[in-house]
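Below you'll find the structure, written out as C-alpha cells, and then a few comments.
The values are calculated or read from the model by the stated rules, or taken from the named source; none is laboratory data. What you see is a predicted model; the values in this text were computed from it and never measured. Heads up, the Cβs are rebuilt from the backbone with ideal geometry, glycines too, and the neighbour counts pull from every protein chain shown.
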Amino acid sequence: MAQLLSRTGESVKAVDNVTFDVEKGDVFGLVGESGSGKTTTGKITAGLLRPTSGKVMIDGVDLYTLERKKLRAFRRKMQFVFQDPLSSLNPKMTIGNAIAEPLRYLSDVPASKRRDQVLEILERVGLSPADSFYSRYPHHLSGGQRQRVVIARAISIDPEYLIADEPVAMVDVSVRAQIIELLLKMQRELNLTILLITHDLAVAKYMCNKISVMYLGKIMESGRRKDIFANPLHPYTQALLQAVPIPNPRQRSDKQIPLGEIPSALNPPAGCVFHPRCPFVFGRCSVEVPELLERDAGHFVACHLYSGK
Amino acid sequence: MDALVDIEGLSVEYRTDVIAQAVQDVSLEIRKGETLGLVGESGSGKSTLGMALMGLIQPPGYITSGEVTFDGMDLRHLSKDALRNIRGKRIAMIFQDPMTSLNPVKKIGNHFIEYIQAHEPNTSEGKARSIAETALADLGIPASRIDDYPHQFSGGMRQRVMIGLALALSPSLIIADEPTTALDVIVEAQILKLLRDLKAKYSLSLMLITHNMGIVAEMADRVAVMYAGRIAEVAPTTKIFEDPKHPYTKALLDTIPNIQVEDKVLNTIPGSPPSLTDPPPGCPFHPRCPYAFERCRAEVPEPIVTGTESEAACFLLEGVVARHSLK
C-alpha cells in the first residue's frame with residue numbers, strides 16, 4: 001500500500017491507496033494513461049520514492065523500514081529499464097563499460113573476469129558477435145540495439161526484480177516484438193519478477209499474467225489477463241479497451257468513447273475519480289470513493305456498480 | 001475515383017555531412033474524398049512525403065526528381081505566390097504535437113484570425129472570428145472558450161484546435177502526420193472520430209500518416225506502406241490486412257500485438273530499419289527478409305500489379321502475378 005505526496009509547491013496525490021501483489025517470477029502489468037500514477041508506483045516499489053503512507057513488502061521485508069545501508073543492498077536486487085534508451089546510456093561510455101559498471105560497483109565479479117562476463121551478457125541479449133559491440137558507443141547502435149544494451153546492463157548483476165517502464169514505447173514498430181520477446185526470455189531464464197509499466201494494452205496483454213489498471217492515482221481494476229480482457233468490469237477499463245485501435249478493418253464500429261480527458265491530479269474529482277466521465281454514473285459515485293473489492297476470485301474492481309451486491 | 005494528388009517518381013534527399021535518401025522514386029495518388037493511410041516506421045520517409053506535398057521541403061532537403069500534381073497543377077514549378085495560395089487554402093497539415101504548433105501567448109480565437117487573415121488578407125476580423133466560432137462548434141469546444149490561451153486547454157482540445165485551424169480555409173486535402181501519437185488512447189479515439197466526422201461533413205481527402213496499423217485499419221480506405229524511403233505496397237485496406245503481398249507488410253502485421261486475438265504468437269523481424277545515409281543495395285528490406293535471394297541484393301524491385309488497385313514492389317511476386325494473369 002502506498003500513498004504519496006510529492007512536494008512541489010502544491011501537493012499532488014500522485015498515487016492514492018494503491019494495493020497489489022506481484023508474485024515471484026511473474027510479469028505484472030501496471031496499465032494506465034499518462035498521469036495515472038503508474039510510474040510513481042513503480043518507483044515506490046523499487047525503493048526510490050518514499051510513500052507518505054503505506055508499505056512495500058518485498059520477500060516479507062518492509063522496504064521503507066530498512067535502514068539506508070540495507071535498503072541499498074536491497075536495491076541491488078532491483079533494476080530499471082526505461083522508455084528512452086538513449087537518455088539512459090552515457091554517450092561517452094562504450095557499451096562494454098556501460099554493462100561493466102554495475103558489475104564493478106554492485107557485484108563480486110573480480111576485475112579480471114569482468115570482460116568475459118560482459119561478453120556473455122551481450123550474447124545473451126542478442127548483441128552478437130559480442131566482441132564487435134563491446135567497444136562501440138551508443139550512437140553507433142540502432143534504437144532496438146540500445147534498448148538491448150539497457151536490458152543487458154539491468155540483468156548484469158543478476159537482479160530478482162525488474163521494473164520495465166514503457167520499454168517499447170520508443171522502439172520502432174518492427175523491432176518492438178524483439179524487445180518484448182527478449183524481456184520474456186530474460187524473465188524465464190533468470191526467473192525474474194517483472195513489473196511492466198505501460199500505456200499499451202496490447203503489450204500488457206501479450207506480456208503479463210496479472211494486470212492492474214490505474215486512473216488518476218488509483219487502481220480501478222486488478223485481475224488476471226483474462227479477467228481484464230475478456231471480462232472487464234470497471235467502466236474505465238471497458239472504455240480503454242473500446243478505444244484501442246484494432247488492426248482489423250472489418251471491425252470498425254461506432255465506439256462509445258467517454259467524453260473529456262483525465263483531470264488534473266492537483267484537483268481530483270470527489271468520490272470515484274472516474275465519475276465525471278463515466279457513462280454509468282449515479283448519485284453515490286460523486287460522493288463516496290469506491291473500495292477495491294474482490295468481485296470474483298482474484299478479480300478486483302473499485303466501482304459502486306458492483307459494491308454492496 | 002479521380003486523383004486529387006498525383007505523385008510521380010518523387011525523390012527527396014537531405015544533404016548535411018552525408019546525404020540521406022529520405023524518399024526514393026515514390027509514385028502515389030490521393031483520390032478525391034478518400035482516406036489514404038501512409039504507414040511506416042521512423043525514417044521510412046512518410047513525413048518527408050507529406051512535407052513535399054505541402055511544398056515545405058527546404059534546405060538541407062531537396063527534391064531531386066519527380067512530379068507532384070495537385071488538382072492539375074504542377075506543385076514543383078509553381079511560383080511562391082501560387083504555392084502560398086494552395087498551402088493552407090487547398091492543402092492543410094496537422095502535426096503530432098499541438099503544443100509546439102500553438103503560440104502560448106496568443107488566444108485561441110486569435111490563432112484563427114491570424115491564420116485566416118494571413119491567407120486571405122481581405123477577410124475582416126469579425127468575419128474571421130465568426131469562422132473561428134463555427135470551427136469551435138464543429139470541434140465540440142464551447143464558444144465561450146474562444147478567448148482562452150492554449151495552456152488552458154487539455155492536450156486533446158489543443159489537437160482539436162489544430163484540426164479546426166487546418167479546416168478554417170476549407171481545403172480539399174488534409175495531411176495529418178501522426179495526429180494522435182502524443183495523446184492517450186481514449187483521447188486518441190475521440191480525435192480519430194472527429195477527423196472521420198469532419199472529413200465526411202466537408203467531403204475532404206485525408207492523408208493519414210502513422211506508424212500505427214490499428215489506426216490505419218480503422219480509418220483508411222487505401223493503405224500505402226513505406227519502408228526506407230520507398231513504397232513497399234499499396235492496396236485497399238482490407239487487402240493489406242487480409243492478403244498482404246509484400247514480405248515487409250506481412251512481417252509487420254505478424255509483429256503487432258492485438259488485444260482481440262487470444263494468445264497470438266508475435267513474430268519478430270530480425271534486425272532494424274536500414275540507415276538512410278548508407279542504405280543496402282537492391283531492395284531495402286532484403287537484409288531482414290526471410291525470402292531474399294540473389295536478385296534482391298542487386299536490383300531495386302519495381303512495383304508489380306498484384307490485383308485490383310494493388311501493387312507491391314517485390315521480385316517474389318513477378319512469377320506469381322504472371323501465372324495469375326495467364327489464367
> Which ones in region B:276-293 are over 17 Å from residue B:246 (Cα atoms) and either in contact with a Phe, Trp or Tyr (Cβ under 9 Å, 6 or more places away or on another chain) or exposed (fewer than 14 other Cβ atoms within 10 Å of the Cβ) (or both)?
Replying inline: B:276, B:277, B:278, B:281
> Can you name the residue in region A:79-126 that is surrounded by fewer than 18 Cβ atoms within 10 Å (Cβ to Cβ) and basic (Lys, Arg) and is also farthest from the chain's Cα centre (by Cα) among such residues?
Replying inline: A:113
> Which of the following residues is within 11 Å of chain A (Cβ to nearest Cβ), buried (at least 20 other Cβ atoms within 10 Å of the Cβ), part of a strand (DSSP E or B) and modelled with pLDDT of 95 or more: B:223, B:216?
Replying inline: B:223
> Does at least one position in region A:256-269 carry a residue that is at pLDDT 95 or above and within 22 Å of the chain's Cα centre (by Cα)?
Replying inline: no
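State whether the residues of region A:189-197 include one that is crowded, with 22+ Cβ neighbours inside 10 Å and over 21 Å from residue A:300 (Cβ atoms). Working first, answer last.
Filtering region A:189-197 for residues crowded, with 22+ Cβ neighbours inside 10 Å gives A:192, A:194-197.
Now restrict to residues that are over 21 Å from residue A:300 (Cβ atoms): A:192.
Yes, because at least one residue in region A:189-197 is crowded, with 22+ Cβ neighbours inside 10 Å and over 21 Å from residue A:300 (Cβ atoms).
Do we have residue A:195 as in contact (Cβ under 8 Å) with a residue 40 or more places away in the chain, part of a loop (DSSP other than H, G, I, E, B) and either over 26 Å from residue B:225 (Cβ atoms) or more than 9 Å from every other protein chain (Cβ to nearest Cβ) (or both) here?
Values: in contact (Cβ under 8 Å) with a residue 40 or more places away in the chain: yes; part of a loop (DSSP other than H, G, I, E, B): no; either over 26 Å from residue B:225 (Cβ atoms) or more than 9 Å from every other protein chain (Cβ to nearest Cβ) (or both): yes.
Spelling it out, it is not the case that residue A:195 is in contact (Cβ under 8 Å) with a residue 40 or more places away in the chain, part of a loop (DSSP other than H, G, I, E, B) and either over 26 Å from residue B:225 (Cβ atoms) or more than 9 Å from every other protein chain (Cβ to nearest Cβ) (or both).
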> Filter region A:19-78 for residues that are surrounded by 20 or more Cβ atoms within 10 Å (Cβ to Cβ) and polar (S, T, N, Q); which is nearest to residue A:239 (Cα to Cα)?
Replying inline: A:36
> Looking at (1) in a helix (DSSP H, G or I); (2) closer than 22 Å to residue B:221 by Cα, which is the only condition residue B:44 fails?
Replying inline: (1)
>> within 9 Å of chain A (Cβ to nearest Cβ), assigned to a loop (DSSP other than H, G, I, E, B), touching a residue at least 24 places away in the same chain (Cβ under 8 Å) and not aromatic (Phe, Trp, Tyr): is that true of residue B:273 in this structure?
In response: yes
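Out of all the residues in region B:62-71, is one or more among the aromatic types (Phe, Trp, Tyr), buried (at least 19 other Cβ atoms within 10 Å of the Cβ) and either part of a strand (DSSP E or B) or within 14 Å of chain A (Cβ to nearest Cβ) (or both)? Outline the logic, then answer.
Start the filter on region B:62-71 by keeping residues that are among the aromatic types (Phe, Trp, Tyr), which leaves B:62, B:70.
Add one more test, that the residue is buried (at least 19 other Cβ atoms within 10 Å of the Cβ), and what stays is B:70.
Subsequent filtering for residues that are either part of a strand (DSSP E or B) or within 14 Å of chain A (Cβ to nearest Cβ) (or both) retains B:70.
The answer is yes, given that some residue of region B:62-71 is among the aromatic types (Phe, Trp, Tyr), buried (at least 19 other Cβ atoms within 10 Å of the Cβ) and either part of a strand (DSSP E or B) or within 14 Å of chain A (Cβ to nearest Cβ) (or both).
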> List the pairs whose first member sits in region B:183-198 and is more than 7 Å from every other protein chain (Cβ to nearest Cβ) and under 16 Å from residue B:166 (Cβ atoms), whose second member is buried (at least 19 other Cβ atoms within 10 Å of the Cβ) and of a type in the set (Val, Ile, Thr), and whose Cβ atoms are under 6 Å apart, counting only residues at least 6 apart or on separate chains?
Replying inline: B:191/B:180
> If only one of A:250, A:146 is surrounded by 21 or more Cβ atoms within 10 Å (Cβ to Cβ), within 14 Å of another protein chain (Cβ to nearest Cβ) and either assigned to a strand (DSSP E or B) or not acidic (Asp, Glu) (or both), which one is it?
Replying inline: A:146
> Name the pairs whose Cβ atoms lie under 6 Å apart, with the first residue in region B:306-318 and of a type in the set (Phe, Trp, Tyr), the second surrounded by 20 or more Cβ atoms within 10 Å (Cβ to Cβ) and outside any helix (DSSP H, G or I), and 6 or more positions between them or separate chains?
Replying inline: B:315/B:301
> Between residues in region B:148-164 that are more than 12 Å from chain A (Cβ to nearest Cβ) and buried (at least 19 other Cβ atoms within 10 Å of the Cβ) and residues that are in a helix (DSSP H, G or I) and among the acidic types (Asp, Glu), which pairs lie under 7 Å by C-beta distance while being six or more apart or on different chains?
Replying inline: B:164/B:138
> Across region A:205-247, what is the number of residues that are closer than 12 Å to residue B:259 by Cβ, facing chain B (nearest Cβ under 9 Å) and either touching a residue at least 24 places away in the same chain (Cβ under 8 Å) or of a type in the set (A, V, I, L, M) (or both)?
Replying inline: 9
